[in-house]
Every structure is written in C-alpha cells, then in structure tokens.
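Peer 1: Pasting a structure here, questions to come.
The values are calculated or read from the model by the stated rules, or taken from the named source; none is laboratory data. The model shown is predicted, which means the values in this text are computed figures rather than measured ones. With ideal geometry, Cβ positions are generated from the backbone for all residues, glycine too; neighbour counts draw on all protein chains shown.
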Amino acid sequence: MKKFILSATFLALAGLTAANACEVKDFKTTAIVAVQDSAVKTPVKLEELPEPVTTALKSDAYKGWTPTEAWSVKEGTKEYYLINVKKEAETGSVKIDKDGKPVQ
C-alpha cells in the first residue's frame, strides 16, 4: 500500500510540474531590427592619400599622432578617408574628406 501511495504522489507531482512547464505567459514581444552597414571600405596606402588629407594630418589638430592605416570609404553619397592613428599607447581613427576637412 505504501508503494501505491508513494507512486500516486510522485505521478501527481510530476503531472503538476509538467502542467506548469507548459503554461504560456503573456510576454511582450520585442522587434529586433538588423541594420546592415552600407559603407564600402577600400584600403589605401598612406603614400597614396591626397595632398589635402596628408596636410590635414600634419596640422596642429593631429600633432603627435601617427597614421597607421587608411581606407577610402563610400557611404551613400558621402566619401571620405578613414585613417587609424596612434600616439604612444593610444589609438584612434579620423575621418577626413578629400578636401582635408574633418567629417562628422
């Protein structure tokens, strides 16, 4: 008899657990939107950067920073140069258009 009661109790608890596990709660759904980067980056040698860009990099605004890599970037109608710069242990990047003006 003990085994029967113990088995019945176990089955009852297992049934309740399964019923609670299947219960659907009303969660708010969140929309996930993926935006693809439409910018086209083309590597450029530092020696091949236009003269206004190299002049801008030599200005006081970037004094002490050394260019390490450069890319020509076309982002929709905007065209600019993305230049990675380094100063001791610090690194950063600069966006400059073909006329040597900073890009926001």
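Peer 1: Being surrounded by 12 or more Cβ atoms within 10 Å (Cβ to Cβ), in contact with a Lys or Arg (Cβ under 7 Å, 6 or more places away or on another chain) and either assigned to a strand (DSSP E or B) or not hydrophobic (A, V, I, L, M, F, W, C) (or both) is the filter here, so list the residues in region 57-70 that pass it.
Peer 2: 66, 68
Peer 1: Can you tell me how many residues in region 71-84 are farther than 13 Å from residue 97 by Cβ and either in a helix (DSSP H, G or I) or small (Gly, Ala, Ser) (or both)? First the steps, then the outcome.
Peer 2: We begin by selecting, within region 71-84, every residue farther than 13 Å from residue 97 by Cβ; these are 71, 76, 84.
Filter once more, so that each one left must be either in a helix (DSSP H, G or I) or small (Gly, Ala, Ser) (or both): 76.
The total comes to 1.
Peer 1: How many residues does region 85-104 contain that are assigned to a loop (DSSP other than H, G, I, E, B) and either closer than 17 Å to residue 73 by Cα or touching a Ser or Thr at 6+ places or on another chain (Cβ under 9 Å) (or both)?
Peer 2: Of the residues in that region, 7 qualify.
Peer 1: Pairs needed: first member in region 68-79, among the basic types (Lys, Arg); second member anywhere, part of a loop (DSSP other than H, G, I, E, B); C-beta distance under 8 Å; at least 6 residues apart or different chains.
Peer 2: Correct list of pairs: 74/39; 78/103.
Peer 1: Of the numbered conditions (1) modelled with pLDDT of 65 or more; (2) assigned to a loop (DSSP other than H, G, I, E, B); (3) more than 30 Å from residue 97 (Cβ to Cβ), residue 7 satisfies every one except a single condition; which is it?
Peer 2: Going through the list (1) modelled with pLDDT of 65 or more; (2) assigned to a loop (DSSP other than H, G, I, E, B); (3) more than 30 Å from residue 97 (Cβ to Cβ), residue 7 breaks only (2).
Peer 1: Follow-up question, since we're still on this one. Can you say whether residue 12 is loosely packed, with under 13 Cβ neighbours inside 10 Å, outside any strand (DSSP E or B) and modelled with pLDDT of 65 or more, as far as the supplied structure shows?
Peer 2: For residue 12, the condition - loosely packed, with under 13 Cβ neighbours inside 10 Å, outside any strand (DSSP E or B) and modelled with pLDDT of 65 or more - is met.
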